[in-house]
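The block underneath contains the structure these notes are about, expressed in C-alpha cells.
No lab work stands behind these numbers, since they all come straight from the coordinates. All values derive from a computational prediction rather than experimental measurement. Quick reminder, even Gly has a Cβ in these numbers, built from the backbone with ideal geometry, and neighbours come from all protein chains shown.
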Amino acid sequence: MKKQSEKKSNNKYIYLIIIIIYFAFIIYSYIFNIPSGIEIGENLISFLAYMIKILPCAFILIGLFEVWVSREKVEKHLGHEGGIRGYIWAIVLAGTMAGGLLVALPVSSVLYKKGARLSVIFTFVSASAIVRIPMTVFEASFLGIEFTVIRWLVSIPLIIISSLFLEKYLEKQNFSIK
Amino acid sequence: MWFFVVTGVLLLLSFLLDRAKTRKALLIAYKRILVISPSFVIMLIFVSIILFLFPQEKIIQYLDSGYHTVNVILAALVGSVTIMPGFVAFPLAGILRSSGISYMIIASFTTTLMMVGTVTFPVELTYFGKKVALIRNIISFIIAIIVALLIGIYFGEIVL
C-alpha cells in the first residue's frame, strides 16, 4: 500500500516537471519569437478550446447519471444478467455519444461503479472510438459506404470477443476501474 | 451545440425534481474533473507537440512513398501516434484517396487513428492502470490491422 502511494507521488512529480518545462518553453518562444514553440502553443489553445466545449457537459451528465440511475438498473442491463443485450447497449451508447474515447473513459468509470460487467465496459470504450454516428457519416461520404460497412462488420465482433477475453483474464487479478 | 442543450435540459429537469440530488451530481462532476485534470494537461501537451510534428502535408508525404506493405505498417504507426477529429481526418482520407493511395493504407491509417490512443494514454492510464491500458491499445492496434487487411482483400488490393 505504502509502495503504491509512493509510486503515485513519483508520477505526480514527473507530471509537474513535464508541465513546467513545457510551459517555460512556450512562454520563452512567445517572448523570443521562436516559430516552432509558437506553433505548438497555438495547437494547445485550439485543442483545448475544442475539448472545453465537450468535457464540462460530459462530466455534468456523468454526475446526473450517477445520482439518478440505480445500481440495479445498470446491473440488469449491463451486468452479468444483461447477456447479449449489454453489448448491444454498449454499442448504441458508444455510437450516439459525443466526445469519443475521452468521454467514454470517465463514463466507463461510473458504469463500473454501478455494476456493469467488464466486457461490456471494454466493448463500450473501444466502440466509442469507431462507431460514432457523425464520424461514420463523414467516413462513408469520403471513402464510400462499402468501406464503412466492412470496417463495422470486422471490428465490432473483434471488439466484443477481445473484451470477453480481457474480462476473463482480469477476473483472476484484482483489477478495478478508478 | 445539441450537447449543450441536452445537458442544460437534463440539469434543469433534475434541479426541478430534486435539488439535493442535483447538487450532489454537480459535486461529483467537479470532483471527477479534478481527478482527471493532471493527466488531461499532460495529454494536451502531447497533442500540441504531435500536431506540430505531423501536419497534414507530412502525413500525405509519409503515406505516399515506398513499398505497399511497408506503407500499411507506416500508416498504422502514424495513425497510432497522431490524433485528429473526424471532420479533419476523413477529408484528409479523401485527399489521400484522390492522390491514388490504396484503401488498405487509408484504412490502416484511419482505423488506428480512431482506435489506438497514444496521446490519450495518460488519461486512459488514470482509469484502467498501465497494464490494462497497454493491453487494450495493443488489441486495438491488431484489430485495426485486421480491418485494413480485409479491406485490402475486398477492394482487390491484396491478391490471395
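Remark: region B:1-105 carries a charge dipole of roughly 680 debye about the Cα centre, counting +1 on each Lys and Arg Cβ and -1 on each Asp and Glu Cβ. From its DSSP helices (H runs of at least four residues, each -39,500 (n - 2.57)), chain A gives a residue-normalised ellipticity at 222 nm of -28500 deg cm²/dmol.
Radius of gyration over Kirkwood radius for the protein assembly as shown, both on Cα atoms: the Rg/Rh ratio is 0.98.
In this structure, the residue pairs whose Cα-Cα separation is over 24 Å, taken from A:K53/A:K73; A:K114/A:K168; A:K178/B:K130; A:K113/B:K24; A:K113/B:K131; A:K114/B:K21, are A:K53/A:K73. Taking 7 Å steps out from each Cα toward its Cβ at A:A24 and A:K12 produces label points 2.1 nm apart.
Length gained on full extension, B:S98 to B:L13: 25.7 nm, using 0.36 nm per residue less the C-alpha separation.
Residues with beta-carbon under 14 Å from that of A:F138, excluding A:F138: net charge, scoring Lys, Arg +1 and Asp, Glu -1? Summing Lys/Arg as +1 and Asp/Glu as -1 gives +2.
For a paramagnetic label modelled on B:F87 (point 7 Å from Cα along Cα→Cβ), amide N atoms under 18 Å away belong, within region A:80-117, to A:96-103.
Applied to region B:7-18, the Karplus parametrisation 6.51 cos²θ - 1.76 cosθ + 1.60 on θ = phi - 60° returns per-residue 3J(HN,Hα) values of 4, x, 5, 5, 5, 4, 4, 4, 4, 5, 6, 7 Hz, with x for Gly and Pro.
Considering only A:E66, A:E75, A:E42, the Gaussian network model of chain A with Cα springs below 10 Å gives its largest mean-square fluctuation to A:E42. Given the options B:A144, B:A25, B:A107, which has the most mean-square fluctuation in a GNM of chain B, springs set between C-alpha atoms less than 10 angstrom apart? Evaluated over chain B, the most mobile residue of the options is B:A25.
Helix A:133-143 versus the longest principal axis of chain A: what angle, 0 to 90°, nearest 10, using Cα atoms? Approximately 80 degrees, to the nearest ten. The GNM of chain B, with springs linking C-alpha atoms under 10 angstrom apart, assigns the highest mean-square fluctuation among B:R19, B:R32, B:R97 to B:R19. Taking the Cα atoms only, what angle lies between the long axis of helix A:2-32 and the longest principal axis of chain A, rounded to 10 degrees? Compared with the principal axis, the helix lies near 50 degrees.
Volume of the convex hull of region A:78-140 (Cα atoms only), normalised per residue: 65 Å³.
Remark: region B:81-90, residue by residue, has Karplus-estimated 3J(HN,Hα) of 8, 8, 9, 7, x, x, 6, 9, 5, 6 Hz, where x stands for each Gly or Pro and the curve is 6.51 cos²θ - 1.76 cosθ + 1.60 at θ = phi - 60°.
Inter-part distance, region B:1-51 to region A:93-150, computed on C-alpha centroids, equals 19 Å. Relative to the longest principal axis of the Cα atoms of chain B, the long axis of helix B:19-53 lies at roughly 30 degrees. For region A:24-115, taking Cα atoms only, Rg and Dmax work out to 19.5, 62 Å respectively.
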